[in-house]
1. Within the range 52-69, name every residue whose backbone N is under 12 Å away from a label modeled 7 Å from Cα of Arg77 along the Cβ vector.
2. Could you check the spin-label model distance between Phe2 and Glu63? Points 7 Å from the Cα along Cα→Cβ, value in nm.
3. Based on the mean of other beta carbon atoms within 10 Å per residue, what is the order of 14-23, 53-62, most packed first?
4. Which of the peptides 24-30, 75-81 is most tightly packed, and how do the rest follow, judged by the mean count of other Cβ atoms within 10 Å per residue?
5. In whole percent, and with a 1.4 Å probe on the protein chains, what portion of the accessible area of the range 1-47 is carbon and sulfur?
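The values are calculated or read from the model by the stated rules, or taken from the named source; none is laboratory data. Everything quoted here is computed from the prediction, not taken from an experiment. Because the Cβ atoms are built from the backbone with ideal geometry, glycine has one as well, and the counts that use them run over all protein chains shown. With ligands, DNA and RNA removed, areas are computed over all heavy atoms of the protein, side chains included. Shrake-Rupley method; radii C 1.70, N 1.55, O 1.52, S 1.80 Å.
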Amino acid sequence: MFAAVLALGQAVAARHRAGGAADLAALAAADQALRGTAAACGTARRVAGAQDTEVVRCVVRGEIADVTVRAGFGPYRPAVRSRAGPPGPTGLPPAPEGAFAGTGGRPERTGDGPRGSLGPGGSTGAGTTAREPPVASQTPP
């Protein structure tokens, strides 16, 4: 009985390791997709290798990377496929006009969080990333 439970645990652990490595490798490949298939799949192989797994399939079409990774853990060698690329349409309806007035279309954050109060556009002014100012029709009265 103990051997069966141990075997099941090894199979689950191998599957999770392969899944995590496949996700990371696909994200890495998608990040390099515009540099070509060789660069993208090379990056995926390096990321998978760092997770003690191997890429068994890597296909890049446009900005979409489709990677299959195999993990070896004990006698089990599951392969997991993962895809990554730029975000597509969410399928959600657009926010009503003026729903987030004065915030550049984003919900306004308050001083409840660890970084303190954020101004219009979600910026504290201390960061190095500039955000667009609110559109004139979105400024509060």
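1. Within reach of a label on Arg77: 54-56.
2. Going from the Phe2 label point to the Glu63 one covers 5.4 nm.
3. 14-23, 53-62
4. Details: 24-30: 25.1, 75-81: 15.7.
Most protected by this proxy first, the peptides run 24-30, 75-81.
5. 65 percent
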